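Let me begin by presenting the structure, written as structure tokens, before commenting on it.
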Amino acid sequence: MNAHEVDYRIIGSEMQFVEIELDPGETVFAEAGAMMMMDQNIQMETIFGDGSDQNKGFVGKLFGAGKRLLSGESLFMTAFTNRGSGKECVSFASPYPGRILPMDLVELNGKLICQKDAFLCAAKGVSVGIEFQRKLGAGFFGGEGFIMQKIEGDGLAFVHAGGAIHERVLGPGEMIRVDTGCLVAMTQDVNYDIEFVKGVKTAIFGGEGLFFATLRGPGKVWIQSLPFSRLADRVLSASRTGGRKEEGSILGGVGKLLDGDR
């Protein structure tokens, strides 16, 4: 294996974190700000690029960093290395309620395609880059621009998803339609496209958007029940009401007028 072989355990239910155990000299890398806690002999280092082999010269590092910049991520990641003589642990927390999913890239034929903000951390030797969408429709209307993230290698990677997670194995030719924001990840053999919601009334008044993703097997997909964008929209909508709870009131905003809040 090229990637470091790390051990781990996932702790918690709604707000999870992953504790990664490193042998002496082993390294794990993560997005900036993901670290929760670490043992005393763990050394932090900011790395330039995608977290894979850093002995590939400046041009290689620059290309890796450029790929991350195109996917909307930072140019830098943080590497955590065990500089002690025994086992040491470092933990990474999920950014919002949901689940942390361990992905063994060996079992996934070396590649996983996922949402840009799904990646949490991975063993050194795993590469995090970009995956261009071939279809123009997917590029414009897929909610991800032309780019999704790809994670490649032969080690462990960890992705985060919101709410409950559903893992679905698609048979050859089997197809499902998914809200674009609910798609977390898929194996490289899944055929991904964007389909227009038929019917003008459904598209405008249905509340589900104008487009959804079509995923056709064979392959495996992971779907989340609570995309962060949906959670953020609800929080923003609630903040505009001044923080008053109105879900159970038939009066809604009129109640504020009656109470003299407006």
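Sorted by average packing, counted as other Cβ atoms within 10 angstrom per residue and highest first, what order do 105-115, 218-228 take? Don't skip to the answer; put the middle values down first.
Values: 105-115: 18.2, 218-228: 20.2.
Output ranking for 105-115, 218-228: 218-228, 105-115.
Ignoring everything but the protein chains, give the 1.4 Å probe accessible area of Tyr8 in square angstrom, nearest 10.
100
What figure in square angstrom, to the nearest 10, would you give for the accessible area of Glu131 with a 1.4 Å probe?
30
Give the ranking of Arg83, Arg216, Arg240 by solvent-accessible surface, highest area first, calculated with a 1.4 Å probe.
Numbers: Arg83 145, Arg216 100, Arg240 180 Å².
Heavy-atom accessible area, descending, gives Arg240, Arg83, Arg216.
Going down the list Lys87/Lys116; Lys124/Lys150; Lys150/Lys220, which pairs span over 25 Å between their C-alpha atoms? Please list the in-between numbers first.
Working: Lys87/Lys116 32 Å; Lys124/Lys150 15 Å; Lys150/Lys220 15 Å.
Long pairs (Cα-Cα over 25 Å): Lys87/Lys116.
The values are calculated or read from the model by the stated rules, or taken from the named source; none is laboratory data. These numbers were taken from a predicted model, which means no experiment stands behind them. Here Cβ is always computed from backbone atoms with ideal geometry, including for glycine, and neighbour counts include all displayed protein chains. To get the accessible areas, we keep the full protein, side chains included, count just its heavy atoms, and leave off ligands, DNA and RNA. Shrake-Rupley method; radii C 1.70, N 1.55, O 1.52, S 1.80 Å.
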